[in-house]
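The values are calculated or read from the model by the stated rules, or taken from the named source; none is laboratory data. Computed from a prediction, not measured in an experiment: that's the story for all the values here. Here the Cβ positions follow ideal geometry from the backbone for every residue, glycine too, while neighbour counts run over all protein chains shown.
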Amino acid sequence: MGIPCDLSSPQEVSRLAHNASEAFGGLDALVNNAATSLKKPFHETTDEQWTQTFQVNTMAPFILCRECLPALRKSDLATIINIGSVVAIKCYDGQAAYGASKHALLGFTKVLAREVQPLGIRVHAINPGAVATEMVGVMRPDLDPTGLIDPDDIADWILFLLEHRHARGVVDDIHLRRAGGEPWY
């Protein structure tokens with residue numbers, strides 16, 4: 001079921017959380033995957049561009065987590081997965097707004113995991129390197145598209161985390177890199 005939403009609008013993000021919970025009669029999982037990017041030197045980045053990047057990449061996941069929390073608390077399988085980026089760990093020229101927003105998302109994910117652990121909610125971060133999407137073509141046009149991570153690979157890791165929800169071990173974060181990229185980014 002698709003629920004259209006402008007993630008740059010806090011009101012629409014709240015509506016999305018409410019509508020999803022109502023439509024499904026509750027929630028077992030929340031995956032924050034949507035993102036926007038900006039490739040521009042920091043000194044050329046406008047206030048509006050910085051704000052827009054943070055609104056979509058950091059504020060929307062925060063609002064969704066907060067607004068979905070009541071429904072997730074009722075689930076025995078409650079899981080939150082925030083999709084970050086390699087730029088939460090590394091940095092690239094021209095990615096100040098995007099990189100800062102993904103650093104913020106990772107920091108939020110770490111605190112969220114600690115705060116909701118007593119509620120039985122698991123929180124994970126997946127921080128992939130270059131994924132074969134339109135975004136990577138804009139952000140990293142220097143990369144060979146044949147070596148990029150397939151979006152289905154990310155979906156497989158999400159399924160792994162959800163399918164192993166009752167395991168005694170917990171994966172806090174996954175740093176997923178291109179097979180042809182440098183080890184241990």
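Data for the structure
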item	result
Which numbered condition residue 175 fails, given (1) surrounded by fewer than 11 Cβ atoms within 10 Å (Cβ to Cβ); (2) under 15 Å from the mean Cα position of the chain (by Cα)	(1)
Contacts under 7 angstrom Cβ, first residue in the range 130-146 being free of Cβ contacts under 8 Å to residues at least 40 places away in the same chain and under 21 Å from residue 183 (Cα atoms), partner surrounded by fewer than 11 Cβ atoms within 10 Å (Cβ to Cβ) and aliphatic (A, V, I, L, M), 6 or more apart	none
Hits in the range 144-169 - residues which are farther than 15 Å from residue 77 by Cα and assigned to a loop (DSSP other than H, G, I, E, B)	144, 148, 150
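A quick yes/no check of all residues on (1) modelled with pLDDT under 95; (2) under 17 Å from residue 34 (Cβ atoms):
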{"position": "101", "(1), (2)": "no, yes"}
{"position": "110", "(1), (2)": "no, no"}
{"position": "115", "(1), (2)": "no, no"}
{"position": "125", "(1), (2)": "no, yes"}
{"position": "129", "(1), (2)": "yes, no"}
{"position": "135", "(1), (2)": "yes, yes"}
{"position": "141", "(1), (2)": "yes, no"}
{"position": "176", "(1), (2)": "yes, no"}
{"position": "184", "(1), (2)": "yes, no"}
